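Written below as structure tokens is the structure these notes are about.
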Amino acid sequence: MQASSSKASLSDFAELFAEQLTSGGSVTFEVNGTSMLPLIKKGDSVVIVKPRSMLKKYDIPFYQRSDGSYVLHRIVGFKDGKYICRGDHQSADEYGVEPESVIGVATHIVRGGKRIPLDSFRQKLYAVLRVFFTGLKQ
């Protein structure tokens, strides 16, 4: 007898995520995509929590776009009370990310069983340099 496996999409768990985060918990899930390379690699997981206040530049929110897709990109600026976000591996900014569309904010990356805090000096320096140098390419 063979075991079956299937992959679920994030939308299958959206309600459960919201409940967990609203109750003060965290959610960890494996990331799919390359937009946050080299920080977040294939096979990495991220830990997200509910934001307690307005997010800051360089934070990495997990949000839902108006088309229903889920995104994990870095905040690179603000305009008219909305976030401007960009993947670390991308050069195009995404304008108009509503604070209400943010489900959570990344606090750690989990790689090979090791938790990498995103609020460490090293990660903050990486964020500042990444945003600065990617912005020069535009």
Practice item. Note the angle between two axes, namely the Cα long axis of helix 121-137 and the longest principal axis of the Cα atoms of the chain, as a number of degrees from 0 to 90, rounded to the nearest 10. Key: 60 degrees
Exercise for review: Let me know the Kirkwood hydrodynamic radius for the chain, please, with Cα pairs as the basis and the value in Å to one decimal.
Suggested key: 15.7 Å
**Study point:** Cα-projected label distance for residue 32 with residue 78, points at 7 Å along beta-carbon direction, nm
**Key:** 3.4 nm
Point to revise | Neighbour net charge for residue 84 - beta-carbon separation under 11 angstrom, K R +1, D E -1 | key: +2
Review point. Given the Cα-Cα distance of residue 52 and residue 133 and 0.36 nm per residue of separation, how much length would full extension add, in nm?
Key: 26.2 nm
Review point. What is the extension gain from residue 45 to residue 107, computed as 0.36 nm multiplied by their sequence separation minus the C-alpha to C-alpha distance, in nm to one decimal?
Key: 21.2 nm
Revision key, fill the gap. Helix-only [θ] at 222 nm, the chain, -39500 (n - 2.57) per DSSP H run of 4+, per residue, nearest 500, equals -6000 deg cm²/dmol
Review point. Placing +1 at every Lys and Arg Cβ and -1 at every Asp and Glu Cβ, with all other atoms neutral, what dipole size does the chain have around its Cα centre, in debye to the nearest 20?
Key: 700 debye
Practice item. Run the quick spin-label model on residue 126 and residue 16: label points 7 Å from Cα toward the beta carbon, then report their separation in nm to one decimal. Key: 2.8 nm
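A short reminder: the numbers here are calculations on the coordinates, not readings from a lab. Quantities reported herein were computed from a predicted structural model and do not represent experimental measurements. Quick reminder, even Gly has a Cβ in these numbers, built from the backbone with ideal geometry, and neighbours come from all protein chains shown.
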